[in-house]
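One structure follows; several queries about it will come next.
The values are calculated or read from the model by the stated rules, or taken from the named source; none is laboratory data. Worth saying up front: this structure is predicted, and the values here are computed from it rather than measured. Ideal geometry is used to build each Cβ from the backbone, glycine not excepted, and the neighbour counts take in all protein chains shown.
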Amino acid sequence: MVDYDFIVNLLSAMIRNATPIALAAIGAVVCERSGVVNIAMEGIMTVGAFVAAIVAGATGNPWIGLLAAIFFGGLFSLIHAFATVSLHLDHVVSGAVLNVLALGITSYLMIMIVGHPGTTNPVPVGLGDYRWAIPVLSSIPVLGPMFFNQTPIVYFSFILIGVFTWFLSKTKLGLHVRASGEHPLALETIGVSVYKMRYFGVLVSGLVGGMAGAYLSIESNVSFTEGMTGGRGFIAMAAMISGGWHPIGAFIAALFFGLADALQVRFQVFEIARVPEEFFIILPYVLTVVAVAGLVRRSRPPKADGVDFMIERSED
């Protein structure tokens, strides 16, 4: 018989582990719905995590650190928007360069600000200290601890799922964003700027990606460590694809990856005979490949995703 506390702890850990992936995936959904491929989510999360830890440590206020991470995540993403939308550079190349740039910038600033590489000084107070149990709902068996006894950014992720689902399907601006990724020429004919919609999509991915990074450094942990994103930005892209470029689908896929991450930690504790520890460490990444390979054929990206608007217009 499976222990109740084990199940509750496992599912709660699944939600926590899925949060940064879900946030980055939701941001990527809006970005790619606008027609811009953004594999720079890993770099945006790195910048957000670093800024959040530095600002929260300097001010002693994790909320200011969170706001700073969101702002600089958005600012960093605008480099990608400028490169892909204004300069018409290849989206994948631009994203890859930004990932490398984020690693270089944070490593350099670690030396300049902190005085040493590796890990920043601990944040005096992190957002992980603000665990809010919602009355009545948090008492529901299993579901209560999972969804209603969490930390602020986890709750923000739940809210953003609903907000962006409503935004993309029910608002005029959301429909314009989707048209930018599906039929940009048709959007242009009604007088709406495709460039603005794509800048907006990339900016949103940066803002939400910055929040995802902040979760890692000031809510899940209390410091920034170089490489702490651990490929979560790329897993978020896999969640977006597996979820069919939809916020709810991306969140469900993120839960799958969060569960795999939670299981690998517990499997290591169990010390299963003859199974190397490294196998469990790579388990989430293996499952990512399997999930994408199994679902990518069933998912259809926006028709103009990654297609340069100027080239499409000249061919029309």
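Do we have Ala186 as among the small types (Gly, Ala, Ser), farther than 16 Å from Arg131 by Cα and either surrounded by fewer than 22 Cβ atoms within 10 Å (Cβ to Cβ) or touching a His at 6+ places or on another chain (Cβ under 6 Å) (or both) here?
In short, yes.
Still on this structure: Please work out which residue is nearest to the chain's Cα centre (by Cα), limiting yourself to segment 161-176 and to residues that are surrounded by 15 or more Cβ atoms within 10 Å (Cβ to Cβ) and of a type outside the set (A, V, I, L, M, F, W, C).
Residue satisfying both the conditions and the ranking: Thr165.
Of the residues His80, His91, only one is of a type outside the set (A, V, I, L, M), more than 21 Å from Met211 (Cα to Cα) and in contact (Cβ under 8 Å) with a residue 60 or more places away in the chain; which?
His91
May I ask you to list the residues in segment 224-245 that are buried (at least 19 other Cβ atoms within 10 Å of the Cβ) and not in a helix (DSSP H, G or I)?
Phe224, Met228, Thr229, Gly243, Trp245
A further question follows. I'm trying to understand the selection: among the residues of segment 133-155, which are closer than 29 Å to Glu226 by Cα and without any contact (Cβ under 8 Å) to a residue 60 or more places away in the chain?
Selection gives Tyr155 alone.
Next up: Does Val29 qualify as being surrounded by fewer than 24 Cβ atoms within 10 Å (Cβ to Cβ), in contact with a Pro (Cβ under 7 Å, 6 or more places away or on another chain) and assigned to a helix (DSSP H, G or I)?
no
Determine which member of the set Ile281, Ile218 is aliphatic (A, V, I, L, M), in a helix (DSSP H, G or I), modelled with pLDDT of 90 or more and more than 13 Å from the chain's Cα centre (by Cα).
Being aliphatic (A, V, I, L, M), in a helix (DSSP H, G or I), modelled with pLDDT of 90 or more and more than 13 Å from the chain's Cα centre (by Cα) holds for just one of Ile281, Ile218, which is Ile218.
OK, next. Determine if segment 41-61 includes at least one residue that is in a helix (DSSP H, G or I), closer than 23 Å to His183 by Cβ, touching a residue at least 12 places away in the same chain (Cβ under 8 Å) and not β-branched (Val, Ile, Thr).
no
A follow-up question, please. Within segment 246-265, can you find the residues that are assigned to a helix (DSSP H, G or I) and either within 14 Å of the chain's Cα centre (by Cα) or under 20 Å from Gly27 (Cα atoms) (or both)?
Pro247, Ile248, Gly249, Ala250, Phe251, Ile252, Ala253, Ala254, Leu255, Phe256, Phe257, Gly258
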